[in-house]
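Just below is one structure, and these are the notes that go with it.
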Amino acid sequence: MSFDLGYGIVVNRGSTLERQWVIVNDPDLPIRISRLRPKTELEDRQWVYKVEYGIEVDEPLSAIEVRFIPFNIWGEKDRTLSATEITDFDPGPRNMTGTWRILSENDALEHFAMLAYVSKVKRASGALIHADAESVVEQARQFSKDFTSGDLSEQE
């Protein structure tokens, strides 16, 4: 949980805790998240979540929505972060990046874990497919025992 902001500023100095992240891939979707690297950064005097991730696309797609759920050190969920990409995706790998403003300094300093999953996809044919919510909820309970499927649809 300790990280260097530069200029000799270290946040959570003395902490040996390591941030955690979990990728939940639904085998019924024609896309997978292949890697995830979430960071908490201070950019232009604002705290942000910056997430670098990779995807593997199995078939042509027209749009995807990837969601990221941050949790603090106490297992409390922060607002769900959503990355919607409306573009033609050809099969193969692609690198992606998303940045979202963190609403409070406490949220930035207490950020401990992040869960990532593909929420929905639109196939090139126009068919819409949603992820299996229960598998996402099951993994989210690693960080928050009270997490429910209702937490997936919250837009705070």
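The values are calculated or read from the model by the stated rules, or taken from the named source; none is laboratory data. Model, not experiment: these values are computed from the prediction. Quick reminder, even Gly has a Cβ in these numbers, built from the backbone with ideal geometry, and neighbours come from all protein chains shown. Please note that ligands, DNA and RNA were not included when accessible areas were found on the heavy atoms of the full protein model with its side chains. Shrake-Rupley method; radii C 1.70, N 1.55, O 1.52, S 1.80 Å.
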Of the criteria (1) surrounded by 13 or more Cβ atoms within 10 Å (Cβ to Cβ); (2) in a strand (DSSP E or B), which one residue 93 fails:
(1)
Could you please give the count of residues in segment 143-156 that are within 15 Å of the chain's Cα centre (by Cα), at pLDDT 85 or above and open to solvent by 60 Å² or more (accessible area, probe 1.4 Å)?
0
Hey, residue 87 hits all of (1) surrounded by 11 or more Cβ atoms within 10 Å (Cβ to Cβ); (2) farther than 20 Å from residue 37 by Cβ; (3) not hydrophobic (A, V, I, L, M, F, W, C) but one; which does it fall short on?
(1)
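Give the residue that is modelled with the lowest pLDDT, with candidates limited to residues of segment 3-26 that are of a type outside the set (Asp, Glu) and under 20 Å from residue 141 (Cα atoms).
Of segment 3-26, the ones of a type outside the set (Asp, Glu) are 3, 5-17, 19-25.
Filter once more, so that each one left must be under 20 Å from residue 141 (Cα atoms): 17, 19-25.
Values: 17: 65, 19: 77, 20: 85, 21: 92, 22: 94, 23: 97, 24: 97, 25: 97.
Once the filter is applied, the top-ranked residue is 17.
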Scope segment 122-145; condition assigned to a loop (DSSP other than H, G, I, E, B), under 21 Å from residue 110 (Cα atoms) and touching a strand residue (DSSP E or B) at 6+ places or on another chain (Cβ under 9 Å); matching residues
142, 143, 144
Checking residue 122 against (1) under 18 Å from the mean Cα position of the chain (by Cα); (2) buried (at least 16 other Cβ atoms within 10 Å of the Cβ), only one condition comes out false. Which one?
(1)
Of the residues that make up segment 102-113, is at least one open to solvent by 20 Å² or more (accessible area, probe 1.4 Å), farther than 23 Å from residue 142 by Cα, of a type in the set (Asp, Glu) and not in a strand (DSSP E or B)?
yes
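Name every residue in segment 125-142 that is closer than 17 Å to residue 70 by Cβ and either among the charged types (D, E, K, R) or open to solvent by 70 Å² or more (accessible area, probe 1.4 Å) (or both), in order of residue number. Talk me through it step by step, then tell me what you get.
Going through segment 125-142, the residues closer than 17 Å to residue 70 by Cβ turn out to be 136-137, 139-142.
Correct list: 141, 142.
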Conditions (1) in contact with a Phe, Trp or Tyr (Cβ under 8 Å, 6 or more places away or on another chain); (2) on the phi > 0 side of the Ramachandran plot; (3) loosely packed, with under 14 Cβ neighbours inside 10 Å: number failed by residue 75:
(3)
For segment 27-58, which positions are touching a Phe, Trp or Tyr at 6+ places or on another chain (Cβ under 7 Å) and open to solvent by less than 60 Å² (accessible area, probe 1.4 Å)?
33, 36, 38, 40, 48, 49, 51, 57
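Here is a list: 81, 61. Which entry is open to solvent by less than 70 Å² (accessible area, probe 1.4 Å) and closer than 17 Å to residue 39 by Cβ?
Details: 61 fails: closer than 17 Å to residue 39 by Cβ.
Only one candidate passes the filter, namely 81.
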Among the residues of segment 76-89, is there at least one that is more than 15 Å from residue 118 (Cβ to Cβ), assigned to a loop (DSSP other than H, G, I, E, B) and in contact with a helix residue (DSSP H, G or I) (Cβ under 6 Å, 6 or more places away or on another chain)?
yes
